[in-house]
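J.: Pasting a structure below so you can have a look.
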Amino acid sequence: MNISETSLIPLANPRVRKFCFVLMITVYLGCTYLIPVLNSSVTTKQLLFLEIRTTSLCGILNELEILIMICYVIFYGKLGLITSSVLGCINLIISMVHILRMKELNSIAGIIMTLIAFMVNIVIYSYSIKLAKQNAKLQEYYENINEKQESLHKLAYFDYLTDLPNRRNIVETISSLCRSQKVSTFKLIVIDIKDFKRINDVAGHQKGDSFLKQLVSSWSSIQDKNDILGRIDGAEFALIIPREINNEDLYDYINEFRLCITNKMPLLGSLPWTENASSSNPGLIISANAGIVSYPEHGDSAEEILQFADTALAVSKEEGPNTIRYFNQSMYDTLLNRTMMESALSCAIDNNECFLVFQPQYEADTKRLRGFETLVRWKNKELGQVPPSVFIPIAEDTGFILTLGEWILKSALEQFQHLFQLYPTNALLSVNLSVLQILHPNFLSMLNRVLFETRFDPTRLELEITESIFISSKEEVVSILNEIKNLGIQIALDDFGTSYSSLSYIKDLPFDIIKMDKSFVDTITEDRKKAQLVDTILAIAKQLGYKVVAEGVETPDQLNYLQERDCDYIQGYLWGKPMNIEDVIPLLCQFSEQIS
Ligand code: C2E
Ligand code: CA
Ligand code: CA
């Protein structure tokens, strides 16, 4: 606690402080000298045009001394108390000497006043100390509040992990840029690291967090000092570029950010699904997508700009990894259409808008019926007939595929259970499954329940799954497939050859049959080189011991080619388009007669 802190009214200006200090000493000592002199002879003095008795003058000087003593404590605290005490003592000594020398008590009133001044000073000083202590406490309290306010502000406006501005901060920055007179144009880029949540789940949050921190620190070295980078979601970043930049430089600039992401990949260590990585199965590839919006062309509010950047990002994600997309209005319309579709699809079953068709499969050499593939259709009042290639991915994204998939399985089994009893054949019923259905924890119990409820013979059922099942671990896939096989159900690998799954991976899985994708069948009638692909697929399948269904056979030439190469089964418009259940009956009828 310093001296000025203990004074009731500290004098801020050091010059004034010094001047007053010296002035008061001088005045005090002057009074101390004059009082005994005036006291020695009681006369009347002329003060300006008034007459005054010397005793009254002594009284005034005495009170002036008291005032000075009190002022010292008020303005100078501890220093003032010491000074006034010293001055008071000098005054007392002089008064005592005067009393003793003159043998009269004229100065006694002054002595009493000085003693009272001592006491008053002590009271004032103790009070000022108390006040100073309270002040110090208040000061500490305010500092605390300030610190808390700062940390609250940090929490509200900055990301706890990377210290970058958070979504709220970015929104406010965009808003202020939109209002600013100084900035006529800026760009917002939203960068998203693909599947980061999954990486986090598998590599662990600690590794995921340190990956993000180091990524942000390496970004800071390429970031232009005028630009603002923020983290607006888990693995979603916003980059504001409040300066002129041409498109070519912009794409190069964003690409630099993207490359940093790939370079930081080793930080994640070896992840379970990278262990079996090879040239044909590259395992984890970390990638990013970006959406760009320009102000004021695309929007003039923070809300619009962020929304459209998200739209451009969503489109870039649909177009594949590592794509960067500039926003345009048609993107927004497409997304709006998709949102409408999502909401219409969620009520499709309740509104009886879904129905099933069945496409026959035949033995390639004898044209005997092998079975039917179940294909779902959706007809909506406003949207018309929406192809499954459009609505199945939407159902997968929204999770509706679980409800839809169960409805498809149950409806198909119900309809065919009845028909198989009426028309005994060896025909199979095939049902497509989405990978999300199979990997769902309740899948096997759902399958058992549907089999039980429909009383459908599992040995007459085939489930078609695609290579996308390999996003899960091999052990998990094998265990699910074995459970399915234990029920007597057959398993077909659909769309074979369209993904990157390694053959070594596929060869140990318990499939019964492979479905060669239509895109390969289409190549047969093109040049000889492309047709060799079909030969290769058939040869591989034979070697691994799988039967093959060729999908999408449309022409006699394609059929001949496949028959010549011993392809086992044919499915395609040439021998049968997807048909309603009523049209299935004559076919079953025909083949049940052949059996009997
Ligand atoms: P997919 O499983 O490969 O089904 C075969 C698709 O090829 C069907 O299209 C079928 O109508 C079509 N197709 C068959 N033969 C020919 C042909 O000779 N020429 C031509 N141009 N096309 C032929 P669709 O029904 O439009 O289904 C498309 C995709 O939608 C299916 O491919 C499947 O991935 C998905 N899908 C359809 N129904 C279901 C379903 O019930 N569940 C699930 N999870 N997916 C389904
Ligand atoms: Ca299929
Ligand atoms: Ca297929």
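Computed from the coordinates by the stated procedures, all read-outs in this text should not be read as laboratory data. Just so it is clear, the structure is predicted and the values come from calculations on it, not from any experiment. Don't worry about glycine lacking a Cβ; one is built from the backbone with ideal geometry, like all the others, and counts go over all protein chains shown.
J.: Per-residue counts of other Cβ atoms within 10 Å, averaged by peptide: what ranking do you get for 409-419, 348-358, highest first? Please report the intermediate quantities before stating the final value.
T.: Details: 409-419: 19.8, 348-358: 15.8.
By packing density, highest mean first, the sequence is 409-419, 348-358.
J.: Something else now. Taking amide H positions as placed 1.01 Å from N in the peptide plane, with prolines and chain starts having none, which residues 5 or more places from residue 371, or on another chain, fall under 5 Å of its amide H?
T.: 361, 428
J.: For residue 547, list long-range residues whose amide hydrogen, built 1.01 Å from N in the peptide plane, is under 5 Å from its own amide hydrogen.
T.: Residues meeting the amide H criterion: 514.
J.: If you don't mind, another one. If packing is taken as the average number of other Cβ atoms within 10 Å across a peptide's residues, how do 84-96, 112-124 rank, most packed first?
T.: On the way: 84-96: 17.8, 112-124: 15.9.
In descending order of packing, they fall as 84-96, 112-124.
J.: For residue 485, list the lysines whose Cα falls under 30 Å from its own Cα; do not include residues on the same chain fewer than 8 positions away.
T.: 367, 410, 474, 507, 515, 518, 542, 547, 577
J.: Quick one: if you take sqrt(5λ) for each eigenvalue of the C-alpha gyration tensor of the stretch 83-220, what semi-axes come out, biggest first, whole angstrom?
T.: Details: eigenvalues 1154, 81, 26 Å².
Semi-axes (√(5λ), whole Å): 76, 20, 11.
J.: What are the extents of the Cα atoms of the chain along their three principal axes, in Å, largest first?
T.: That works out to 156, 55, 48 Å along the principal axes.
J.: Could I ask something else about it? Which of the peptides 244-257, 316-329 is most tightly packed, and how do the rest follow, going by the mean number of other Cβ atoms within 10 Å of each residue?
T.: Working: 244-257: 13.6, 316-329: 16.9.
In descending order of packing, they fall as 316-329, 244-257.
J.: Near residue 197, which lysines are there with a Cα under 18 Å away, not counting those fewer than 8 places off in the same chain?
T.: Cross-link targets: 207, 213, 264, 317.
J.: Once phi is turned into θ = phi - 60°, what whole-Hz ³J(HN,Hα) does the Karplus curve with 6.51, -1.76 and 1.60 give for every residue of the stretch 126-134, x standing for Gly and Pro?
T.: Computed from phi, the couplings for the stretch 126-134 are 4, 5, 5, 5, 4, 4, 4, 5, 4 Hz.
J.: Whole-Hz Karplus ³J(HN,Hα) for the stretch 478-485, in order, using 6.51 cos²θ - 1.76 cosθ + 1.60 and θ = phi - 60°, x for Gly and Pro?
T.: 4, 5, 5, 4, 5, 4, 5, 5
J.: Once you charge only the Cβ atoms, +1 for Lys and Arg and -1 for Asp and Glu, what is the size of the charge dipole of the chain about its Cα centre, to the nearest 20 debye? If you can, show how the numbers build up before the last one.
T.: Numbers: 53 positive and 71 negative charges, 853 e Å.
Dipole of the chain, to the nearest 20 debye: 4100 debye.
J.: On a 0 to 90° scale, report how tilted helix 443-454 is relative to the longest principal axis of the chain, with both axes built from alpha carbons and the result rounded to the nearest 10.
T.: Value to nearest ten degrees: 50.
J.: Pick out, from 545, 478, 337, the residue whose Cα sits farthest towards the positive end of the charge dipole of the chain, with +1 on the Cβ of Lys and Arg and -1 on the Cβ of Asp and Glu.
T.: After comparing all options, I get 337.
J.: Give the long-range amide H neighbours of residue 432: residues separated by 5 or more places, or on another chain, with amide H under 5 Å away, using H modelled in the peptide plane at 1.01 Å from N.
T.: Residues meeting the amide H criterion: 374, 464.
J.: If you line up the long axis of helix 205-222 against the longest principal axis of the chain, both from Cα atoms, how many degrees apart are they, to the nearest 10?
T.: The answer is roughly 70 degrees.
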